[in-house]
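Report on one structure; see the data block that follows.
The values are calculated or read from the model by the stated rules, or taken from the named source; none is laboratory data. Only a predicted model underlies this, so the values are computations on that prediction, with no experimental measurement involved. Neighbour counts run over all protein chains shown; Cβ positions are idealised from the backbone, glycine included. Surface areas here come from the heavy atoms of the whole protein model, side chains and all, with no ligands, DNA or RNA. Shrake-Rupley method; radii C 1.70, N 1.55, O 1.52, S 1.80 Å.
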Amino acid sequence: MIVGSRGSPLALRQTRTAISLLEARGIEAEMKVVKTKGDHVLDLPLHRVSGRGLFVKEIDDLMLAGEIDVAVHSMKDLPSKRPEGLVIGAVLPRDSPLDVLVSDDGVSIDGLEEGAVVGTCSMRRAAQLRRARPDLVIESLRGNLETRLRKLEEGRYRAIVLALAGIERMGYSPNYAVLDPERFVPSANQGAIAVVATEGWAEELVGGIDHLPTRREAECERVFLEEIGGSCVVPMAAFARLSGDEISVLAEVLSLDGARSVRAEGRISAADHLEGARELSRRLVAMGGRDLAEEAVREVGSD
């Protein structure tokens, strides 16, 4: 089985995790590293790089051409609309979905000095930061995890926002403060790793490593992406947590400046999680969620 991966240290670590699970089931796997558009263009914010699926399209194309059987991705990088012939064959057990504020001293978001410079490349994180602390200066931060941490060490930022899952997977131990998921609702699928497979034998083989609780959470969150029209331009979040036979869901859409937001939350049945998520997502749309998303797309396009 040929397994595709991006070449960043974090992507390689995640792919090796998936390969080890496959090999434990007697499946021979060989890694193929692919450089994607998102890896090539590093001097622009993500929303300025045209096209969706910046970190997956080249790998998708190789899968459709029959050169790769399986690919491992951070699930939040996967667009809600996927090519025919490719399926999410497995979702690995989820690591922390939370964001953290990384700094030299581990300062909290409320402890930052007025006018402090905070780095992020995420429109969601930027909007949430502006909502929580309108006085902060939000600046773009691109690069892989190692590059972002190095830029912080060089003093370019007072603090930066990162996903806790990536830090923990790499075994790093910077000073950080966890951001409250009620105030800073995580991105849909953050902390989840997706194993994409070509339909047929590859899909069947990787199905053995699927983690159903994580899949249900991730599928709930992706419903909101589909309903709202989520992209890297839209400041939106969706966070689902399975407990027993219920899934608690919290989702929101913000304006780019963080001054306006709408959110929907509730508990849905795990047995009928997709329909429950659709009902909540329709509620978010009725509250103006899609309008805020479309406004963000217009504003970024007119800059």
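Descriptive notes on the structure:
- Accessible area per residue in Å² at 1.4 Å probe, computed on the range 89-175: 38
- Computed FRET value (nearest 0.05) for Ile2 with Asp110, which takes r as the C-beta separation and R₀ as 45 Å: 0.40
- Here the translational diffusion coefficient of the chain follows from Stokes-Einstein with Rh set to the Kirkwood radius across Cα pairs; for 37 °C and 0.692 mPa s it amounts to 167 µm²/s.
- Degrees, to the nearest 10: 9-24 long Cα axis against longest axis of the chain: 30
- Computed from the C-beta positions of Leu12 and Asp135 and an R0 of 30 Å, the FRET efficiency is 0.20 to the nearest 0.05.
- Folded to 0 to 90 degrees: helix 273-286 orientation relative to the chain principal axis, Cα: 30
- Our helix-only sum for the chain, with -39,500 (n - 2.57) per DSSP H run of n ≥ 4 divided by its residues, gives a mean residue ellipticity at 222 nm of -10500 deg cm²/dmol.
- The range 196-266 - charge dipole about Cα centre, Lys and Arg +1 at Cβ, Asp and Glu -1, debye rounded to 20: 300
- Taking the charge dipole of the chain about its Cα centre, with +1 at Lys and Arg Cβ atoms and -1 at Asp and Glu Cβ atoms, the residue from Pro79, Gly26, Ile209 reaching farthest to the positive side is Pro79.
- Glu295-Val117 FRET efficiency (beta carbon distance; Förster radius 25 Å; 0.05 resolution): 0.40
- Approximating the spin labels as points 7 Å out from Cα along Cα→Cβ, the Ala271-to-Leu212 distance works out to 1.3 nm.
- Angle between the chain longest axis and helix 212-228 axis [Cα atoms, degrees, rounded to 10]: 60
- For the range 237-303 and the range 142-190, distance of Cα centres in Å: 23
- Using 0.36 nm per residue and subtracting the Cα-Cα separation, the extra length available between Glu23 and Glu199 on full extension is 61.4 nm.
- Radius 13 Å from Cβ of Gly66, net charge of other residues (Lys, Arg +1; Asp, Glu -1): -4
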